[in-house]
1. Check whether at least one residue in the stretch 135-154 is part of a strand (DSSP E or B) and not polar (S, T, N, Q), and report yes or no.
2. Could you list, in sequence order, all residues of the stretch 53-73 that are more than 18 Å from the chain's Cα centre (by Cα), part of a helix (DSSP H, G or I) and not acidic (Asp, Glu)?
3. Suppose we keep only residues that are in a strand (DSSP E or B) and more than 17 Å from the chain's Cα centre (by Cα) within the stretch 319-336. Which one would you say is surrounded by the fewest Cβ atoms within 10 Å (Cβ to Cβ)?
4. Just the residues that are over 14 Å from the mean Cα position of the chain (by Cα) and either of a type in the set (Phe, Trp, Tyr) or in a loop (DSSP other than H, G, I, E, B) (or both), please, taken from the stretch 337-347.
5. Considering the stretch 239-265 alone, what residues qualify as being in contact with a helix residue (DSSP H, G or I) (Cβ under 7 Å, 6 or more places away or on another chain) and part of a loop (DSSP other than H, G, I, E, B)?
6. So, in the stretch 223-238, exactly how many residues are more than 13 Å from ALA260 (Cα to Cα) and in contact with a helix residue (DSSP H, G or I) (Cβ under 7 Å, 6 or more places away or on another chain)?
7. Condition test on ALA94, is it assigned by TED's automatic domain parsing to the domain that holds ASN178, more than 30 Å from GLY355 (Cβ to Cβ), buried (at least 18 other Cβ atoms within 10 Å of the Cβ) and in contact with an Asp or Glu (Cβ under 9 Å, 6 or more places away or on another chain)?
Amino acid sequence: MTTRETGMCGRRPLAALLGAAVLAIAFNALASTRADDVADAATAFLETLSETQRETVMIALDSDERATWSNLPTVMVRPPGLFIKDMNDAQKRAAHALMRATMSSQGYAKFAGVMLLEDLLYQIESAQLEASESRRNDPAAREFLESRNYGNYAVSIYGTPGDADWGWKIAGHHAAVNFTISDGRIGFTPTFLGSNPMEVRSGRYAGLKALAHEGDVGIALMRSLDADQQRQALVAARAARDVFEGPGRRQSLVEYEGIAAKEFTTEQRHLLHRIVEEFLHNADHDSAHAQLDAIRKAGWDKVWFSWRGPVDPDGRFYYRVHGPRILIEYNRQDANHDHMIVRDPTNDYGEDWLGKHYEEHHSD
């Protein structure tokens with residue numbers, strides 16, 4: 001080998017390293033820009049509020065209220081912050097602008113769809129209540145009905161937007177997401193969504209689905225497994241009652257179950273990636289890819305997939321994707337009602353970044 005050839009070979013690793021460094025710098029710059037956009041949107045929202053409203057919305061970053069959220073209607077568990085129903089039009093628009101600044105268009109559409117389903121539930125349950133002579137004049141039933149309201153989602157901000165560390169949350173029935181912004185990074189776990197009805201079956205909005213693909217991508221992976229792989233993945237003949245790591249139950253799943261991704265074919269790995277990306281890309285592009293990079297660094301071979309219940313797209317089933325840096329659960333509550341959650345086992349609420357452990361309250 002000539003000196004020239006040796007020199008060229010020696011330069012290739014350096015060039016590759018320099019290229020990777022340039023890409024990393026560019027990515028960090030884009031992420032920081034995105035974080036600035038979120039801070040600007042949060043500041044713009046706060047500027048629309050009265051002093052009393054700001055006192056309701058702004059909470060200390062180290063407060064355990066960050067970890068207070070529930071899947072239950074707000075008549076049962078009230079989330080911290082200011083309800084949308086208590087905002088004027090300018091404040092509502094600013095709140096939605098904050099959502100769009102932090103979420104992808106996909107994620108924003110899902111959240112908005114789940115929130116709008118509350119008004120549809122009001123119509124459905126109002127008709128049911130009027131048809132019931134025994135419950136029609138029941139004050140408790142009336143109070144519960146009034147909780148079915150698009151306005152019953154609360155926005156809260158933790159710390160000061162634009163500081164090195166701060167966060168914000170929107171929470172209510174069937175929709176809760178906790179964003180952490182730290183040194184230009186944006187975290188988005190835990191994220192919980194549910195839809196009821198999962199698919200509107202009749203009337204003006206027949207066919208509408210807020211969570212269009214979450215169940216389908218799980219079914220696709222399970223059906224791609226051969227008989228032996230399915231036996232490994234299937235851990236129970238019946239679906240779970242709900243997601244296991246819901247509010248107040250984080251880190252209850254310490255063991256992996258089912259089948260490891262290292263046992264998958266190339267096609268099956270692709271389907272696993274489709275599941276993960278469907279759930280992560282509810283956040284903005286940069287945040288989703290940062291989480292995907294964390295999963296890659298921890299090792300895709302360490303990710304496990306498990307299933308409970310029949311492999312029936314019209315039935316009740318549950319599946320889980322679980323690894324060192326990802327926990328996804330999807331549960332079909334009944335034939336037309338579903339729940340999903342995304343968590344990061346090491347960095348929910350940005351705890352790894354902030355060096356703070358939040359006490360997550362069991363509220364359902």
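1. Checked the stretch 135-154: at least one residue is part of a strand (DSSP E or B) and not polar (S, T, N, Q).
2. Selection gives GLN53, ARG54, THR56, VAL57.
3. Within the stretch 319-336, the match that is surrounded by the fewest Cβ atoms within 10 Å (Cβ to Cβ) is ASP334.
4. Across the stretch 337-347, the qualifying residue is only THR346.
5. ARG250, GLY258, PHE264
6. 1
7. So ALA94 fits the description; yes.
Table: residues versus (1) among the small types (Gly, Ala, Ser); (2) farther than 17 Å from GLY315 by Cβ; (3) modelled with pLDDT of 95 or more.
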{"residue": "ILE181", "(1), (2), (3)": "no, yes, yes"}
{"residue": "GLY187", "(1), (2), (3)": "yes, yes, yes"}
{"residue": "ALA227", "(1), (2), (3)": "yes, yes, yes"}
{"residue": "ARG241", "(1), (2), (3)": "no, no, no"}
{"residue": "TYR256", "(1), (2), (3)": "no, yes, yes"}
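The values are calculated or read from the model by the stated rules, or taken from the named source; none is laboratory data. Just so it is clear, the structure is predicted and the values come from calculations on it, not from any experiment. When we count neighbours, we look across all protein chains shown, and the Cβ atoms used for this are built from the backbone with ideal geometry, even at glycine.
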